[in-house]
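J.: What follows is a structure written as structure tokens; I'll ask about it next.
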Amino acid sequence: MGKKQLENEVRSEKKSGFDKNSNTYIITYSVIMVVIVAAVLAFAALSLQPKQEANTMNEKKMAILASIGIESTAENVDAQYAENITAYAVDARGDVVESISADEVLDGLKDLRAFREKAFPVFVSKDGRNIVPVIGKGLWGDIWGYVALDGRWEKVKGVVFDHKGETPGLGAEITSAKFRSQFEDKRIFDNGQFVSVAVLKGAGASAGNDYAVDAVSGGTITSRGVQAMLRDCLGSYVPYIEKQFAAQLPSVENNQELNEESNE
């Protein structure tokens, strides 16, 4: 290309306003590319959002089922959940919140902290076990899980824990079967008083201790987080549980009638 032809092209670009070497062109081009990329990413995010939410809910259903020993997969979790689980919510006074449907209870797990500001979720297995979600803080971020209790709300029948970023081999061991198995048949009430389940350091849960488990070795802060999570979240259900206890006790009139019959 001759010098004269190159000069003519440069003049032509300047006249048309598309001088590729100018700052204006570079800035305009950059802005257009940023807008296009942002639009593509936004579209992709919106398109994938329903699938992501569905995957998240499937994980929660699988965790609820796992807390009562039912293994499920992404393919069958909906059917397993529908067959085995019902749900309702209770308030801080211990009353069932009739206005919150079972679907709304499940949906509330998307932001459990926000849901707990108005009510507390309860999931019930078809054999009568009560499953409650728990959430707290570990060393590096959120920890959460599900605690299954027997029909009388007295004994732990299974737990599932997970975390956002606890240290592998240390705090992250709260997800291990070894740690979780310790909770089987632990009690959360001692002579009618709520005590939760303690997580004790240094093999502190001696044999026969119905109210404690051993902490994770090297995961002291995470273990304390699990203990606080259980105490705070399970404690929210105490008013409701106490009402269930009271409902199971015979009334004074019934006691008098029984006494009179026994005297006769």
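J.: Taking segment 112-166 on its own, how many of its residues are under 15 Å from V197 (Cβ atoms), without any contact (Cβ under 8 Å) to a residue 24 or more places away in the chain and aliphatic (A, V, I, L, M)?
T.: 0
J.: While we're looking at this one, here's another question. Criterion first (of a type outside the set (A, V, I, L, M), on the phi > 0 side of the Ramachandran plot and either in the same structural domain as V160 (by TED's automatic domain parsing) or surrounded by 15 or more Cβ atoms within 10 Å (Cβ to Cβ) (or both)) does G108 satisfy it?
T.: no
J.: How many residues does segment 226-259 contain that are modelled with pLDDT under 90 and among the charged types (D, E, K, R)?
T.: The number of residues fulfilling the criteria is 2.
J.: Another question about this same structure. Quick one: count up the residues across segment 126-141 that are over 16 Å from the mean Cα position of the chain (by Cα) and hydrophobic (A, V, I, L, M, F, W, C).
T.: The total comes to 2.
J.: Can A148 be described as over 27 Å from Y211 (Cα atoms) and not hydroxyl-bearing (S, T, Y)?
T.: No.
J.: Same structure, new question: In segment 152-185, which residue that is among the acidic types (D, E) and assigned to a loop (DSSP other than H, G, I, E, B) is surrounded by the most Cβ atoms within 10 Å (Cβ to Cβ)?
T.: Checked segment 152-185; the qualifying residue surrounded by the most Cβ atoms within 10 Å (Cβ to Cβ) is E166.
J.: How many of the residues in segment 74-105 are surrounded by 12 or more Cβ atoms within 10 Å (Cβ to Cβ), among the aliphatic types (A, V, I, L, M) and either outside any loop (DSSP other than H, G, I, E, B) or touching a residue at least 40 places away in the same chain (Cβ under 8 Å) (or both)?
T.: Selection size over segment 74-105: 9.
J.: Please determine whether any residue of segment 135-151 is modelled with pLDDT of 95 or more, of a type in the set (G, A, S), in a helix (DSSP H, G or I) and surrounded by 14 or more Cβ atoms within 10 Å (Cβ to Cβ).
T.: no
J.: Here are S206, S262, S223: which of them is in the same structural domain as G151 (by TED's automatic domain parsing) and modelled with pLDDT under 85?
T.: Being in the same structural domain as G151 (by TED's automatic domain parsing) and modelled with pLDDT under 85 holds for just one of S206, S262, S223, which is S206.
J.: Of everything in segment 158-200, what is over 17 Å from D214 (Cα atoms) and either outside the structural domain of G218 (by TED's automatic domain parsing) or among the basic types (K, R) (or both)? Give them in sequence order.
T.: Scanning segment 158-200 gives a single hit, K164.
J.: Take the residues in segment 50-73 that are among the aliphatic types (A, V, I, L, M) and in a helix (DSSP H, G or I); name whichever of them is farthest from the chain's Cα centre (by Cα).
T.: Among those residues, the one meeting the criterion is A54.
J.: Give me the pairs, please: first residue somewhere in segment 186-209 and aliphatic (A, V, I, L, M) and part of a strand (DSSP E or B), second residue anywhere and at pLDDT below 85 and surrounded by 16 or more Cβ atoms within 10 Å (Cβ to Cβ), beta-carbon distance under 8 Å, and either six or more positions apart or on two chains.
T.: If the second residue must be at pLDDT below 85 and surrounded by 16 or more Cβ atoms within 10 Å (Cβ to Cβ), the pairs left are A198/A205.
J.: Would you check which residues across segment 188-241 are β-branched (V, I, T), within 19 Å of the chain's Cα centre (by Cα) and within 16 Å of A148 (Cα to Cα) and list them?
T.: V197, V226
The values are calculated or read from the model by the stated rules, or taken from the named source; none is laboratory data. Please read these numbers as outputs of a predicted model, since none were measured by experiment. As a convention, Cβ positions derive from the backbone with ideal geometry for all residues, glycine included, and neighbour counts pool all protein chains shown.
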